[in-house]
Amino acid sequence: MTTTLQSHIAGRWLGTEPAQALRSAIDGRVVAHTHADAIDFGEAVDHARRIGVPSLLALDFQQRAARLKALAKFLAERKEALYAVSAHTGATRADGWIDIEGGIGTLFAYAGIGGNDLPSGNLLHEGPAVPLGKGGGFAGTHVLVPRGGVAVHVNAFNFPVWGLLEKFAPSFLAGMPCIGKPATATSYLTEALVRLIDESGLLPEGALQLVIGGVGDLFDRLDGRDVVTFTGSADTAAKLRVHPNLVRQSVPFNAEADSLNCAILAPDVNPDDEEFDLFVKEVAREMTVKAGQKCTAIRRAIVPRRHLDAVAQALKARLAKTVVGDPAVEGVKMGALASHAQVADVAAKVARLREAAEVVYDGGPGFAPLGEGTAHGAFFAPTLLACAKPFDAAVVHEVEAFGPVSTLMPYDADSSGIDEALALAAKGQGSLVGTLVTRDPAIAAKAVPVAAALHGRWLVLDREAAKESTGHGSPLPPLKHGGPGRAGGGEELGGVRAVKHYLQRCAVQGSPTMLAAVTGEHVRGAKVREGDVHPFRKHFEDLRIGDSLLTHRRTVTEADIVAFGGISGDYFYMHFDEIAAKDSPFGKRIAHGYFVLSAAAGLFVSPAPGPVLANYGLDTLRFVKPVGIGDTIQARLTCKRKTDRGRTDAKGVGQGVVAWDVEVTNQAGEIVASYDILTLVAKRGGN
C-alpha cells in the first residue's frame, strides 16, 4: 500500500502530495493519505469515451465475460494482499471474506452469466419479434446495445472491494467503461484492489479509472449516454439524484441506500422452537458482522409482545459472548467501525434512538476491546435497544445507527395474526431486505405479497432453509439488490438484469428479413437459405443465420400412437380412449405431443457422425395445434442463433453453440409445434 494514495486517471497513476490522513480503525495510526493533486475530470471522461468505449467494444459480450473470469482468477490468487490491507478497516477475517471473496465471486458469477446468457457480438436481441401486420411482412422487436458512455460508480465505505466489483462486472460486460469513486475512509483498500487489476493487464485501456477523494466537477461533464450509480446514505442519495446536470441531461441515476431493514418473528414461533433460535442468531449476526456496517443489516427486530422478554434475554446473552477487539487477536469475533468519524455518528444516532427506546445491552461500563492500542481505535459495543410502543415512536423508524445497533419492537397478535408486524415493517418507508421467521407456510403466503411492495428482497427462514441459507444480509449475484422508497428506488445485480441496466433498449420495426439482419437471429417469416448440404453437416464457422432445411412429410398413424404409448408408458385417455376423446374439446384421439417432437427429429436429423456434437435442450416449446390420426406433418429446421463461447473440447477442437428454430406444420400449413433446439457444433479444426 502506498503512503500517499493515487488516483488512476487516463491510464496513469496520479497523486504525490499528501492531503487527508486516513487512520487505522484498530489503533488510530495513520495508514495512508489521500492526495492533494487536482484531478482533471474532463480528461477522465474524455479518456473513457475516446479510448475506453472503442477498446471495450473491440471485444464482444463473450470475450468480455472471458476477461472477467481471467481477472477473477488473478485476484483470487492474490487475495491475501487485500486481506492484509483490509485489517486496517476493522474487519475480521470473516468480514473480509464477505468483501474480498464476495467481490471476486461476483466477478466469477458475471463471467458465467455473460458466457451463458449473452450472445457473440455487441447487440442483445430482447425478443421475441411480434407481427405488426396481417400479411407477415412487417414486425417489431427490441434490441439492447452499448450506450457509448461512461458509468460513474460512487461507493460506500463498508465494502471497499465488493462495492466496486459488483458494479464494475455488469457494466464491463455491457461495454461501458467505469470511473469508480470509493468512500474516502477506506479508499486505501480499493486503491490496493485497482493496483492489482492494473497489474493484471487484463482490462482494455480505459475500462476502469479510480478517483481518490472528491468528485469535483465530474457530474457536470456527463450526458445522456452516461450512468451514475450510488451506494450510501439515503440523504446523500437524495442530494445527488437532483444534481442540476444529471437532471438536465436525463442521466440515469441508480441509488442503493441504507435502509431500516427488519426481521419479523412470526406469532406461530415459540421459544422452544428451532425457528426461535434461528431468529436470535440472525439478528445477532447482522449486528456483529462488519460491526453492523451493512446496508442490509437488521435495524428493527419485530417480535410478538408475549415473547419480547424471551427474545431480549436470548439476544443479550448471545451479544455478551461476542468478543470485540483487534481481529488479529485470537478469539475476536467483531472488529471496529471503519473510522473514528463513524463512531461519533453512531453514538449520536443511538442517543436519538434512546429518546424512544431503552437499552437492553450495550457492553456495560467495562466494555474494552481486546488488543494493543485498541483504546485509540474506532470500536463501538454491540447495542440492543427495545421500544415498548413502536407505533408511537417515529424516531425508531427514521433514524439509522450504521453500526452494531438494533431495536426490538413488540407487536400484538394471536397465533396467526401478523398484520401489526407488517404495519411496523412498512413504517421503514422502503427497505432493501426483510426477513420473516416462521414455521407456517400460510403465514408466509399472507406476509410476502404485503411486504414485497416495500422491500427489494424478502427472506422466509425456517429450519429447512436454514441448512443452506446465505442469511438475511447477503446480496447474491442472481438476485436483485435494491429496494423502493428510502432504500433508493434502485436495482443492482439480479443476473443478466444488471447488464441490461447499462445497455440502451431500442424498438426496431421492419420486415422479418431486416429484423433478422439487425438482430443476428433468424426471425420467423424472414428469408431462408436452402442448399444441397444439410445444415447439420456444416461446421460452426460455415453455418449462417437463416440456413434452413424443409423436410419430407410423414403421416401419423394409429400404429404410431400405440407404439409410442408402449415405449413411453403414456396411456393418457386422449391418445387411446376413442369415446372419451370424442367428448373432449378436440373431438378425436390425438398423438402425443412428445411423439410429434420425436417424429420431427426423425424428419430433420442427419444421422451420420458430423459437426453436430450434442443436443442439450429445448427452449420455447409450444404444442400449438393437435395432431390426429391421418394428419401429415412436416418440419422446417433453421439456424437461428450462433454463440461462440471460445471453448474447446478435451482434444482441443473448438465448439460453438447453435440454436435452431423448428416449426412443425400439418397438411394445411398450420403450425402444430414450435421450439428451439440448442446444440454444440464443432469448428472445422483447432480453435
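The values are calculated or read from the model by the stated rules, or taken from the named source; none is laboratory data. Quick caveat, the model's predicted, so the values are computed rather than measured. Neighbour counts run over all protein chains shown; Cβ positions are idealised from the backbone, glycine included.
Annotations
- Condition broken by Gly331, with the remaining ones in (1) surrounded by 16 or more Cβ atoms within 10 Å (Cβ to Cβ); (2) assigned to a loop (DSSP other than H, G, I, E, B); (3) not acidic (Asp, Glu) satisfied: (1)
Let's see how each residue does on (1) closer than 16 Å to Pro410 by Cβ; (2) crowded, with 18+ Cβ neighbours inside 10 Å:
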| position | (1), (2) |
| --- | --- |
| Glu275 | no, yes |
| Phe279 | yes, yes |
| Thr288 | no, yes |
| Ala291 | no, yes |
| Cys295 | no, yes |
| Arg305 | yes, no |
| Val311 | yes, yes |
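Yes/no matrix, rows are residues, columns are (1) within 32 Å of the chain's Cα centre (by Cα); (2) not in a strand (DSSP E or B):
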position	(1), (2)
Ala388	no, yes
Glu400	yes, yes
Gly403	yes, yes
Leu408	yes, no
Ala413	no, yes
Glu420	yes, yes
Gln429	yes, yes
Thr435	yes, no
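- Test for Ala19: is it touching a strand residue (DSSP E or B) at 6+ places or on another chain (Cβ under 6 Å), crowded, with 19+ Cβ neighbours inside 10 Å and outside the structural domain of Ala344 (by TED's automatic domain parsing): no
- Residue satisfying condition, being in a loop (DSSP other than H, G, I, E, B), of a type in the set (Gly, Ala, Ser) and under 18 Å from the mean Cα position of the chain (by Cα), within set Gly473, Gly456: Gly473
- Residue match in the stretch 586-595 (condition: closer than 23 Å to Tyr675 by Cα, assigned to a helix (DSSP H, G or I) and not hydroxyl-bearing (Ser, Thr, Tyr)): yes
- Among the numbered conditions (1) part of a helix (DSSP H, G or I); (2) touching a strand residue (DSSP E or B) at 6+ places or on another chain (Cβ under 7 Å), the only one that Leu189 does not meet is (2).
- Residue that is modelled with pLDDT of 90 or more and either surrounded by fewer than 16 Cβ atoms within 10 Å (Cβ to Cβ) or within 18 Å of Lys640 (Cβ to Cβ) (or both), where the choices are Val556, Val596, Val624: Val624
- Whichever residue in the stretch 313-328 is touching a strand residue (DSSP E or B) at 6+ places or on another chain (Cβ under 8 Å) and part of a helix (DSSP H, G or I) and, among such residues, is surrounded by the fewest Cβ atoms within 10 Å (Cβ to Cβ): Ala320
- Hits in the stretch 563-577 (condition: among the acidic types (Asp, Glu) and either assigned to a helix (DSSP H, G or I) or in contact with a strand residue (DSSP E or B) (Cβ under 6 Å, 6 or more places away or on another chain) (or both)): none
- Qualifying residue in the stretch 86-100 (condition: modelled with pLDDT under 95 and among the aromatic types (Phe, Trp, Tyr)): yes
- Applying the criterion of at least 3 residues that are surrounded by 24 or more Cβ atoms within 10 Å (Cβ to Cβ) and under 20 Å from the mean Cα position of the chain (by Cα) to the helices (runs of 4 or more DSSP H) found wholly in the stretch 57-172 leaves 61-76, 102-117.
- Leu550 vs. criteria buried (at least 20 other Cβ atoms within 10 Å of the Cβ) and either not basic (Lys, Arg) or not assigned by TED's automatic domain parsing to the domain that holds Ile590 (or both): no
- Meets criteria (in contact with a Cys (Cβ under 6 Å, 6 or more places away or on another chain) and either in a helix (DSSP H, G or I) or assigned by TED's automatic domain parsing to the domain that holds Phe380 (or both)) for Arg306: no
- Within the stretch 272-286, tally of residues that are under 19 Å from Gly102 (Cα atoms) and not acidic (Asp, Glu): 1
- Of residues in the stretch 334-354 being under 12 Å from Phe379 (Cβ atoms) and of a type outside the set (Gly, Ala, Ser), the one surrounded by the most Cβ atoms within 10 Å (Cβ to Cβ): Leu337
- Count of the stretch 94-118 residues, restricted to those that are touching a helix residue (DSSP H, G or I) at 6+ places or on another chain (Cβ under 6 Å) and either of a type outside the set (A, V, I, L, M, F, W, C) or over 30 Å from Glu80 (Cβ atoms) (or both), is 11.
- The set of residues from the stretch 204-216 being crowded, with 21+ Cβ neighbours inside 10 Å and out of contact with any Leu (no Cβ under 7 Å at 6 or more places or on another chain) comprises Gly206, Leu208, Gln209, Leu210, Val211.
Conditions tested, residue by residue: (1) within 41 Å of the chain's Cα centre (by Cα); (2) assigned to a helix (DSSP H, G or I); (3) in contact (Cβ under 8 Å) with a residue 60 or more places away in the chain.
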| residue | (1), (2), (3) |
| --- | --- |
| Leu543 | yes, no, yes |
| Ile561 | no, yes, yes |
| Ile579 | no, yes, no |
| Leu613 | yes, no, yes |
